[in-house]
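The values are calculated or read from the model by the stated rules, or taken from the named source; none is laboratory data. Fair warning: this is a prediction, and the values are worked out from it, not measured in the lab. Glycine gets a Cβ as well: all are built from the backbone with ideal geometry, and neighbour counts include every protein chain shown. Surface accessibility is based on the protein's heavy atoms, side chains included, excluding ligands, DNA and RNA. Shrake-Rupley method; radii C 1.70, N 1.55, O 1.52, S 1.80 Å.
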Amino acid sequence: MIDVRGKWAFITGASRGIGYLTAKFMAEMGCNLILHGRKVENCQKVYDEVTAMGVEAKIVATELSDLDGVERMLKEIDSFGVDVDIVLNNAGLQIAYRTEYFNTPVSDYTESFKINTIAPAMICYHFMPKMIEKGFGRILNTTSGIRLEPQQAGYSASKAALDKITIDLGSTVQGTDVLINLTDPGWCRTDLGGPNAPNAPESTIPGIVVGVFVDDKKSGRNLGAPNFVGMTLEEAVKKAEAEFDSPY
C-alpha cells in the first residue's frame, strides 16, 4: 500500500458530497490537496477543514462544462509549482431523468459529455504525461453502474465513454507505477443521487479511493466502492490487489 503523505492530489467536485468526503479522507492520510469547485467560495469549508489537519491545500474553480475554463484551470494548477501525483475525477452531472425518453433532447448528450467525459479526459491528458515522466501517478475516474435505463441516456452514455477512455489509456501504462483506474460510488444520497438512494455517502469510504493506494501496477479496472464497504483501507487494498485484474 502506498504512502500519500506529502503528495499532492487534485480532486474535482471537492466542495460537497463524495468529493468532500474524499478530500477529508485524503487529508487524514497526510495528502496535500488541490480542491476544485464551481466557485472558490464553495470550497472554503473543506479548505478550512483539511488545512486544520496540517496538510497544504489550494482552491481552483471553474465550470467543467466550460472547456476553455478547464484549460485555464489546468494552467493555474501548473502555476502552483507542485507535482500532482494523484487525480480524482469525482465531479459529474446527472442532467435529467426522462420518462419520455424518446424525446430526449440533444443537449442531454452534449452537456453530459462535456462534464462527465471531455473535461475528465482533458485532465487525464494534462497530468498523465507528467506522471509518466516522473515514474509515479494515480488517476481515478468516477464511473456509474447505470445500465439499461434509456431514461438516463445522456448520463450513462457519457460514463460509458469515460470507461472506454480510461481502459484504453490504462493499456499504455500497464506494468508501470502510473495507474489509471475507474471507481464507482454506487447509488448514494447525494445531490446527484437524490434523497431516495439506498446508500449513505459515507459508505463509499474507503472504497472510493482504494485505487490511489494499490501498488500492483495494474490499470483499467473498476474498483467500485460497494465492493469494499465496511473495510479498513488496508483490507480494501488487499482485496483490490487480490481480486481485481486488468482487462488486458
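Of all residues assigned to the range 95-106, none qualifies as being under 26 Å from GLU133 (Cα atoms) and touching a Gly at 6+ places or on another chain (Cβ under 8 Å). Tell me which residues, restricted to the range 75-91, are buried (at least 17 other Cβ atoms within 10 Å of the Cβ) and among the small types (Gly, Ala, Ser). Residue satisfying the conditions is ALA91 alone. Restricting THR99, THR51 to residues that are open to solvent by less than 70 Å² (accessible area, probe 1.4 Å) and either within 22 Å of PRO185 (Cα to Cα) or of a type in the set (Val, Ile, Thr) (or both) narrows the list to THR51.
Quickly run through the range 224-238 and pick out the residues that are open to solvent by less than 10 Å² (accessible area, probe 1.4 Å) and closer than 15 Å to MET1 by Cα.
Going through the range 224-238, the residues open to solvent by less than 10 Å² (accessible area, probe 1.4 Å) turn out to be 224-225, 228, 236-237.
Residues satisfying the conditions are ALA236, VAL237.
Here is a yes/no grid of residues against (1) at pLDDT 95 or above; (2) of a type in the set (Asp, Glu); (3) open to solvent by 10 Å² or more (accessible area, probe 1.4 Å):
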residue: ALA119; (1), (2), (3): yes, no, no
residue: ASN141; (1), (2), (3): yes, no, no
residue: ILE146; (1), (2), (3): no, no, yes
residue: ALA157; (1), (2), (3): yes, no, yes
residue: LYS164; (1), (2), (3): yes, no, yes
residue: VAL173; (1), (2), (3): yes, no, no
residue: LEU179; (1), (2), (3): yes, no, no
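Number of residues in the range 55-100 that are in a strand (DSSP E or B) and among the hydrophobic types (A, V, I, L, M, F, W, C): the value is 7.
From (1) modelled with pLDDT of 95 or more; (2) surrounded by 15 or more Cβ atoms within 10 Å (Cβ to Cβ); (3) polar (S, T, N, Q), pick out the condition that doesn't hold for GLN94. Condition (1) is where GLN94 drops out.
Which of the residues spanning the range 1-28 are of a type in the set (A, V, I, L, M) and open to solvent by 60 Å² or more (accessible area, probe 1.4 Å)?
Just the residues of the range 1-28 that are of a type in the set (A, V, I, L, M), to begin with: 1-2, 4, 9, 11, 14, 18, 21, 23, 26-27.
Of everything in the range 1-28, just one residue is of a type in the set (A, V, I, L, M) and open to solvent by 60 Å² or more (accessible area, probe 1.4 Å), namely MET1.
Among the numbered conditions (1) farther than 13 Å from VAL84 by Cα; (2) in contact with a strand residue (DSSP E or B) (Cβ under 8 Å, 6 or more places away or on another chain); (3) open to solvent by less than 50 Å² (accessible area, probe 1.4 Å), the only one that LEU35 does not meet is (1). Quickly run through the range 207-223 and pick out the residues that are surrounded by 22 or more Cβ atoms within 10 Å (Cβ to Cβ) and closer than 19 Å to GLY19 by Cβ. Selection gives GLY207, ILE208, VAL209, VAL210, GLY211, VAL212, LEU223. Selection of first residues in the range 60-74 that are free of Cβ contacts under 8 Å to residues at least 12 places away in the same chain and of second residues that are outside any helix (DSSP H, G or I), restricted to Cβ pairs under 7 Å at least 6 apart or on distinct chains, gives the following pairs, ordered by first then second residue: GLY69/THR62; GLY69/GLU63; ARG72/THR62.
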